[in-house]
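S.K.: Quick one: structure below, then a few questions.
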Amino acid sequence: MENGIKELISGTVKDFFDKIGFGFESLTIEESENPESQNIFFIKISSQDDCGELLDQKGRNLKALEHLVKIAVSRKTDQRFSLIIDLNDFLEKRNSHISELARLVAQKVETSGKAYALRPMSAYERRLIHMELAGWERIATESVGEEPRRRVIIKPR
């Protein structure tokens, strides 16, 4: 996609931050082109402000901001895309925590031979679990249930 959409995303994020009373020191946007589907924009923001209200435990407020930015930008373009906002490395830390949880539970399942159900997770978090354990020969993963209670079962093969 052209640079214009990156500028539009950047301006929209800045506007939202201004309106909710937060500032930031840096904003970078990386584009990941996926020939099979829509492009993904990864927005990395660094802020010295206390962003605790945006960074609640499960990142719901950050996800809501992400959704609002996507709607605002989508209305100004005819392009389909996804975007992910990472504020002060919150997502990076959360992803690392989820990957570590997947490995620990997989080791427990290998040792005990018994399946283990994780807490309900978002589709994104479930995907991280599946990807983290995809290479484990003696472990299988399966998503079960209905939203918002959908969860991953880690079980022996």
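Computed from the coordinates by the stated procedures, all read-outs in this text should not be read as laboratory data. Small disclaimer: the values here were computed from a predicted structure and weren't measured. Every residue, glycine among them, receives a Cβ derived from its backbone with ideal geometry; neighbour counts consider all protein chains shown.
S.K.: Between beta-carbons, use under 11 Å as the cut-off and find the net charge around Gly59, counting Lys and Arg +1, Asp and Glu -1. Mind dumping the intermediate values first?
M.R.: Numbers: positive: Lys58, Arg60, Lys63, Lys93, Arg94; negative: Asp56, Glu66, Asp86, Glu125.
Around Gly59, the surrounding residues sum to +1.
S.K.: Pull up all non-local amide H partners of Trp136: gap of 5 or more, or a different chain, and H-to-H distance under 5 Å with H placed in the peptide plane.
M.R.: none
S.K.: State, as an integer percentage, the relative contact order of the stretch 18-83 based on alpha-carbon contacts under 8 Å between residues 6 or more apart. Could the numbers behind the result be given before it?
M.R.: On the way: 67 pairs, mean separation 20.7, N = 66.
For the stretch 18-83, the relative contact order is 31 percent.
S.K.: Taking the 0 to 90 degree range and rounding to the nearest ten, how far is the long axis of helix 90-112 tilted relative to the main principal axis of the chain, both from C-alpha atoms?
M.R.: Helix 90-112 sits at roughly 10 degrees to that axis.
S.K.: Compare the peptides 81-87, 122-128 by average per-residue count of other Cβ atoms within 10 angstrom and give them in order, highest first. Walk me through the intermediate numbers first.
M.R.: Values: 81-87: 19.9, 122-128: 16.4.
Top to bottom by mean Cβ count within 10 Å: 81-87, 122-128.
S.K.: Using 0.36 nm per residue of separation minus the Cα-Cα distance, give me the extension gain between Arg149 and Lys6 in nm, one decimal. Can you show the working numbers first?
M.R.: Details: separation 143, 0.36 × 143 = 51.48 nm, distance 3.47 nm.
Here the answer is 48.0 nm.
S.K.: Let me ask something else. Taking amide H positions as placed in the peptide plane 1.01 Å from N, state which residues far from Asn39 in sequence (5 or more) or on other chains have amide H under 5 Å from it.
M.R.: Asn34, Ser82
S.K.: Continuing with the same structure: How high is the relative contact order of the chain, in percent, with contacts defined as C-alpha pairs under 8 Å that are six or more residues apart? Mind dumping the intermediate values first?
M.R.: Details: 211 pairs, mean separation 27.3, N = 157.
Relative contact order of the chain: 17 percent.
S.K.: Which entry in (1) 39, 31, 28; (2) 52, 37, 26; (3) 102, 30, 27 matches Cα extents along the principal axes in Å derived from the coordinates of this structure?
M.R.: (2)
S.K.: Per DSSP H run of at least 4 residues, take -39500 (n - 2.57); add these up for the chain, divide by its residues and hand me the 222 nm value, nearest 500 deg cm²/dmol. Show your work: numbers first, answer last.
M.R.: Working: 4 runs with 69 residues, N = 157.
-15000 deg cm²/dmol, from helical runs alone.
S.K.: Taking amide H atoms as placed 1.01 Å from N in the peptide plane, list the residues 5 or more away in sequence, or in a different chain, whose amide H sits under 5 Å from that of Asp49.
M.R.: Gly23
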